[in-house]
Amino acid sequence: MKVGIIGCGNISETYFNCQKIFNNFKIIACADINFEITKISAEKFNVKAQSIDDILSNEEIDLIINLTIPAAHKNIILKSLNAGKHCFSEKPLAINMAEGIEISKLSNKMKRYVGCAPDTFLGAAGQNARRLIEEKKIGNVVLGTFNLMSHGMENWHPNPDFFFKPGAGPVFDVGVYYITQLINLIGPVKSIISISGTATSERTITSEPRNGEKIKVETPTTLMGILEFHNNAKIQFFLFMGCLETQTFNY
Ligand SMILES: NC(=O)c1ccc[n+]([C@@H]2O[C@H](COP(=O)([O-])OP(=O)(O)OC[C@H]3O[C@@H](n4cnc5c(N)ncnc54)[C@H](O)[C@@H]3O)[C@@H](O)[C@H]2O)c1
């Protein structure tokens, strides 16, 4: 497949480099809302720099890889489908259920595939865990827990704003890896009990180049709850993005 990347930020380098590992796709062009960034990536990875409109109408391209920020995911996916292209998007697929359904409907109508991260459950650890369950090595899963307590991304990401806006936070940004893995292992979720919190309404960026700038927090940064699965398994979770202001972490 010939591929075009939209969104040439932090994670794009990983995708550009990944094509060396696989033999079934080739990235031929890239685009970003910021054309200066587009040009830098295009030159570095030897692909064509295009505007968003031009990459979407590029007839050579079969599939768009969408590496924009979460708030832009839905529109880029819909535009790709309307342009007759398949689309693989970084997570989350969309920032709410209604947008996800809109994508699903258009994908069916246009007869084009939409794929979405996280795909890490397909990796060696995920496959091994699935094999152990299928071979009944651990019996029935009835209880479990997953916890993620880390620093927020404002201490390493160059533009960390989106992590604190709707479509990110600890569930959409990192919880999805655990939840997707669990659904692959023990099936769909029947019900959820959860409470959320936001420790501070503002975050201070400590990464470069925007060290000292503030971000307004607009999504919960703490979630605690229980997932009840259709097979009656109950999995408890605690997802928390710490920060300098709460002094929870003292790196
Ligand atoms: N950085 C990571 O380690 C990482 C890891 C896994 C997944 N992801 C996911 O990848 C996505 C991108 O993350 P990132 O860290 O590269 O972010 P980033 O902010 O570094 O890059 C996003 C890029 O998208 C561009 N953009 C924003 N809106 C756009 C629009 N409407 N049209 C075209 N371009 C637009 C921005 O100009 C920017 O260059 C996010 O969904 C994130 O959750 C990131």
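If Arg203 meets every condition in (1) under 19 Å from the mean Cα position of the chain (by Cα); (2) assigned to a strand (DSSP E or B) apart from one, which number is that one?
Condition (1) is where Arg203 drops out.
Could you check how many residues of segment 220-230 are in a loop (DSSP other than H, G, I, E, B) and at pLDDT below 95? Outline the logic, then answer.
Pass one, segment 220-230, residues in a loop (DSSP other than H, G, I, E, B): 220-221, 230.
This time we only want the ones that are at pLDDT below 95, so: 220-221.
Total meeting the criteria: 2.
Sort out which residues of segment 158-187 are closer than 17 Å to His73 by Cβ and in contact with a Leu (Cβ under 6 Å, 6 or more places away or on another chain), and write them in order of number.
Val171, Val174, Gly175
Which residue, of Gly167, Gly144, Gly139, is in a loop (DSSP other than H, G, I, E, B), away from the ligand (no atom under 13 Å from the Cβ) and of a type in the set (Gly, Ala, Ser)? Explain how you work it out, then say what you get.
On the way: Gly167 fails: away from the ligand (no atom under 13 Å from the Cβ); Gly144 fails: in a loop (DSSP other than H, G, I, E, B).
The conditions single out Gly139.
For segment 147-164, what are the residues that are in a loop (DSSP other than H, G, I, E, B) and within 8 Å of the ligand (Cβ to nearest atom)? First the steps, then the outcome.
If we filter segment 147-164 for residues that are in a loop (DSSP other than H, G, I, E, B), which is where we start, we get 152, 156-159.
Scanning segment 147-164 gives His157, Pro158, Asn159.
Do any helices (runs of 4 or more DSSP H) entirely within segment 23-97 hold 1 or more residues that are surrounded by 14 or more Cβ atoms within 10 Å (Cβ to Cβ) and within 20 Å of the chain's Cα centre (by Cα), and if so, which?
Details: elements: 35-45, 52-56, 70-82.
Result: 70-82.
Tell me the residue from Ile183, Ile193 that is at pLDDT 95 or above, part of a helix (DSSP H, G or I) and over 23 Å from Glu213 (Cβ atoms), please.
Values: Ile193 fails: part of a helix (DSSP H, G or I).
Residue meeting the stated conditions: Ile183.
The values are calculated or read from the model by the stated rules, or taken from the named source; none is laboratory data. Every value quoted in this text rests on a predicted model; they were computed, and no experiment measured them. Positions of Cβ are generated from backbone atoms using ideal geometry, with glycine treated the same way; all protein chains shown enter the neighbour counts.
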